[in-house]
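Down below is the structure, laid out as structure tokens.
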Amino acid sequence: MSQTLEKIWEDGFLNEKSSLTPKLNDFYNRKSTLLINKLLRSFKVEVWILIPLAFAQFFFNLLLDNDNSAFWGVMCALPCLLWFYVGIKQIKSLKMISYGDSCYDYLVAVRKKLYEITSFNKNLAISSVAIIFFPMLLYTYFNNQSKTIGEIFGIDALNWPSLTLFLLLPMIALLALAIFEIGFKQTNYSRDKKINFLIKEMEALRS
């Protein structure tokens, strides 16, 4: 009872025949498995919530009762369905990571995959915003070519030609980048903190 966890770990490494080694390995195996399973459940919730969100986007556009509201409803719902498909594939890729002989190597591999997924999802989200808004700007432009920006948006001071509508696209993309940078950082902070803590704990005990 008086032995510290560090002492037990050290003894297990110095003495391969020690009966403590399998117990300690089993402890970290279970701890790693529980953590990753919890993260996967959370990831699944985030992915599956995209389905009702897609339907909400579609029906919201129908309620607006604008011209071609069904078309715009589909356009707004498609990114959610695309993200859902990508999310399901990403969950499968995480599950396919081989546990191997070491829970430490497994955690490092999962962390690397999660970093790749986060980077990909951020780029996909920003691209999706641009893809959604471009046809909307195109539609607005072709239906208001003879008007100024001020007339389109009801702002008299803006006498710019309607073609300048397309300047909104890079502005929207930059705004989306800033929002997603903050959003992804906050979402992933807790997840990364737990994995990194467990990895560092094992590294400290093995050093």
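The values are calculated or read from the model by the stated rules, or taken from the named source; none is laboratory data. Only a predicted model underlies this, so the values are computations on that prediction, with no experimental measurement involved. Backbone-built Cβ (ideal geometry, glycine too); neighbour counts: all protein chains shown.
Couple of notes before you dig in:
- Of the residues examined, Phe43 is one that is surrounded by 11 or more Cβ atoms within 10 Å (Cβ to Cβ), at pLDDT 75 or above and among the aromatic types (Phe, Trp, Tyr).
- Failed item in (1) among the small types (Gly, Ala, Ser); (2) modelled with pLDDT of 80 or more; (3) more than 30 Å from Asp26 (Cβ to Cβ), with Gly150 passing the rest: (2)
- Residue that is modelled with the lowest pLDDT [pool: residues in the stretch 60-103 that are acidic (Asp, Glu) and either over 30 Å from Asn25 (Cα atoms) or in contact with a strand residue (DSSP E or B) (Cβ under 8 Å, 6 or more places away or on another chain) (or both)]: Asp65
- If you go through the stretch 131-170 and pick out every residue that is within 27 Å of Leu78 (Cα to Cα) and of a type in the set (Gly, Ala, Ser), you end up with 0.
- Some residue of the stretch 52-73 being surrounded by 13 or more Cβ atoms within 10 Å (Cβ to Cβ) and within 30 Å of Asp192 (Cα to Cα): yes
- Of all residues in the stretch 167-178, those that are modelled with pLDDT of 80 or more have Cβ atoms under 6 Å from Cβ atoms of residues that are surrounded by 11 or more Cβ atoms within 10 Å (Cβ to Cβ) and not polar (S, T, N, Q), 6 or more apart or on another chain, in Ile172/Phe133; Ala173/Ala130; Ala176/Ile126; Ala176/Val129; Leu177/Ile126.
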